[in-house]
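Q: Would you mind keeping the following structure in view while I ask a few things?
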Amino acid sequence: MGELPTRVSIREVGPRDGLQNEDPVPTEAKVRLLNALSHTGVSRIEAVSFVHPKAIPQMADADEVWAAAEKVPGVRYSALVPNSRGAQRALEAGLRELEVVVSASDTHNRRNVNRSTEESLNDISALIAMVHGADGECEVIISTSFGCPFEGDVAPARVASIVDRVVTDGADRVAFGDTTGMATPRRVSDVLDAVRARQADVPLLLHFHNTRGTALANILTALRFGITEYDASVGGLGGCPYAPGATGNVATEEVVHMLHDMGIDTGIDLEALIDAARLAQQIVGKELPSGVLRAGPRIS
Ligand code: ZN
């Protein structure tokens, strides 16, 4: 643990991870939210996912959304893909930053995609090669890195060995997903210790959910490890897939509000971001779980 970073890169995941876990909204509303976010100064946005429309109806219009969205210079846009077919669609749509998910827990992986973690890793190896062949970048997201709703604790050594595998296969970045909000500062330290002991250089990104109120504490812990890349979702958009009504993604404006007060730059205009959170709230038609959205910044 060392000095805190002076700059952090936030990837806004509201348009994809957020809206995918809310009731479906019209294409036009998705485009409006994307455009608003593109003008907040955020450097990265997870825009869409190219999944089978029957599996996830919320993302059935990914091609239309992406085609209609403003591509603001300086913003990097990414897409989540479930497999090579999805990667093909994303590449054909012009995206060059792709993300693919595998679960650290075998049971969770089987429940999601009916395959073992090992089988998914073999598919991902081929997918990375395909993305690289099209001059794209591929990030591997390891979900349930901090615990699994079915298996309980996941050994940090297991997470670290999955990182080794995907780095060997050419992953450009590795993200750790706290899919079910099971991370705590202790678990974050354990995973980062285990991974950094074996992989000193691979770029790491952390994706926290605030299901049990620990997301900002987890981010502070990871900052002390020098991690500079985080996912967050405007307004806290996107619930928890395993606990209906519970909070999911950490709210971007809560993260930005804390970081700016600590003197850590994000490039984001907090007021513009809060406006985008208001828009997100209006689009989904319900109150979102963001404290900074409700209360405003400590000094406005
Ligand atoms: Zn999430």
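Q: Which condition from (1) part of a helix (DSSP H, G or I); (2) in contact (Cβ under 8 Å) with a residue 24 or more places away in the chain; (3) farther than 18 Å from residue 51 by Cα is the one that residue 111 breaks?
A: If we test residue 111 against (1) part of a helix (DSSP H, G or I); (2) in contact (Cβ under 8 Å) with a residue 24 or more places away in the chain; (3) farther than 18 Å from residue 51 by Cα, just (3) comes out false.
Q: Where in segment 208-300 are there helices (runs of 4 or more DSSP H), lying fully within it, with 3 or more residues that are basic (Lys, Arg) and within 16 Å of the ligand (Cβ to nearest atom)?
A: On the way: elements: 215-224, 252-261, 270-284, 291-295.
Per the criteria, no element qualifies.
Q: Based on this model, can you work out whether residue 169 counts as over 21 Å from residue 101 (Cβ atoms) and surrounded by fewer than 21 Cβ atoms within 10 Å (Cβ to Cβ)?
A: Working: over 21 Å from residue 101 (Cβ atoms): no; surrounded by fewer than 21 Cβ atoms within 10 Å (Cβ to Cβ): yes.
When the stated conditions are applied, residue 169 does not pass them.
Q: Next question, about the same structure. Could you tell me which residue of segment 54-103 is surrounded by the most Cβ atoms within 10 Å (Cβ to Cβ), considering only residues that are closer than 18 Å to residue 27 by Cβ and acidic (Asp, Glu)?
A: 61
Q: Of all residues in segment 134-189, how many are assigned to a strand (DSSP E or B), touching a His at 6+ places or on another chain (Cβ under 9 Å), of a type in the set (A, V, I, L, M, F, W, C) and within 16 Å of the ligand (Cβ to nearest atom)?
A: So in segment 134-189, the residues assigned to a strand (DSSP E or B) come out as 137-143, 148, 152, 173-177.
Checking the rest, the ones that are also touching a His at 6+ places or on another chain (Cβ under 9 Å) come to 138, 141, 143, 148, 175-177.
Filter once more, so that each one left must be of a type in the set (A, V, I, L, M, F, W, C): 138, 141, 148, 175-176.
Then keep just the ones that are within 16 Å of the ligand (Cβ to nearest atom); that gives 141, 148, 175-176.
Within segment 134-189, residues that are assigned to a strand (DSSP E or B), touching a His at 6+ places or on another chain (Cβ under 9 Å), of a type in the set (A, V, I, L, M, F, W, C) and within 16 Å of the ligand (Cβ to nearest atom) number 4.
Q: Any residue at all in segment 192-200 that's touching a residue at least 40 places away in the same chain (Cβ under 8 Å), part of a helix (DSSP H, G or I) and more than 16 Å from the ligand (Cβ to nearest atom)?
A: Within segment 192-200, none of the residues are touching a residue at least 40 places away in the same chain (Cβ under 8 Å), part of a helix (DSSP H, G or I) and more than 16 Å from the ligand (Cβ to nearest atom).
Q: Give segment 155-191 a look and list any residue that's at pLDDT 95 or above, in contact with a helix residue (DSSP H, G or I) (Cβ under 8 Å, 6 or more places away or on another chain) and hydroxyl-bearing (Ser, Thr, Tyr), or say none.
A: Hits for segment 155-191 are 184, 189.
Q: Provide a single number: the residues in segment 10-48 that are more than 14 Å from the ligand (Cβ to nearest atom) and either surrounded by fewer than 21 Cβ atoms within 10 Å (Cβ to Cβ) or part of a helix (DSSP H, G or I) (or both).
A: Total meeting the criteria: 20.
Q: Within the set of pairs 6+ apart or on separate chains, which have a first residue in segment 263-287 that is at positive phi, a second that is among the small types (Gly, Ala, Ser) and modelled with pLDDT of 95 or more, and C-beta atoms under 6 Å apart?
A: From residues that are at positive phi, the pairs are 267/41; 267/43.
Q: Residues 42, 25, 72: which one is hydrophobic (A, V, I, L, M, F, W, C), touching an Asp or Glu at 6+ places or on another chain (Cβ under 7 Å) and at pLDDT 95 or above?
A: Numbers: 25 fails: touching an Asp or Glu at 6+ places or on another chain (Cβ under 7 Å); 72 fails: touching an Asp or Glu at 6+ places or on another chain (Cβ under 7 Å).
After ruling out the rest, the residue left standing is 42.
Q: In the list 275, 231, 261, which residue meets the criterion of being under 26 Å from residue 3 (Cβ atoms) and surrounded by fewer than 19 Cβ atoms within 10 Å (Cβ to Cβ)? Talk me through it step by step, then tell me what you get.
A: Working: 275 fails: under 26 Å from residue 3 (Cβ atoms); 231 fails: surrounded by fewer than 19 Cβ atoms within 10 Å (Cβ to Cβ).
Every option except 261 fails the conditions.
Q: Something else: Against the condition closer than 24 Å to residue 87 by Cα, β-branched (Val, Ile, Thr) and in a helix (DSSP H, G or I), how does residue 51 come out, does it pass? Talk me through it step by step, then tell me what you get.
A: Numbers: closer than 24 Å to residue 87 by Cα: yes; β-branched (Val, Ile, Thr): yes; in a helix (DSSP H, G or I): no.
Against the criterion (closer than 24 Å to residue 87 by Cα, β-branched (Val, Ile, Thr) and in a helix (DSSP H, G or I)), residue 51 does not qualify.
Q: Related question: Can we say residue 265 is in contact with a helix residue (DSSP H, G or I) (Cβ under 9 Å, 6 or more places away or on another chain) and at pLDDT 95 or above? Show your work before the answer.
A: Working: in contact with a helix residue (DSSP H, G or I) (Cβ under 9 Å, 6 or more places away or on another chain): yes; at pLDDT 95 or above: yes.
It is true that residue 265 is in contact with a helix residue (DSSP H, G or I) (Cβ under 9 Å, 6 or more places away or on another chain) and at pLDDT 95 or above.
The values are calculated or read from the model by the stated rules, or taken from the named source; none is laboratory data. All of these numbers come straight from a predicted model, not from anything done at the bench. Positions of Cβ are generated from backbone atoms using ideal geometry, with glycine treated the same way; all protein chains shown enter the neighbour counts.
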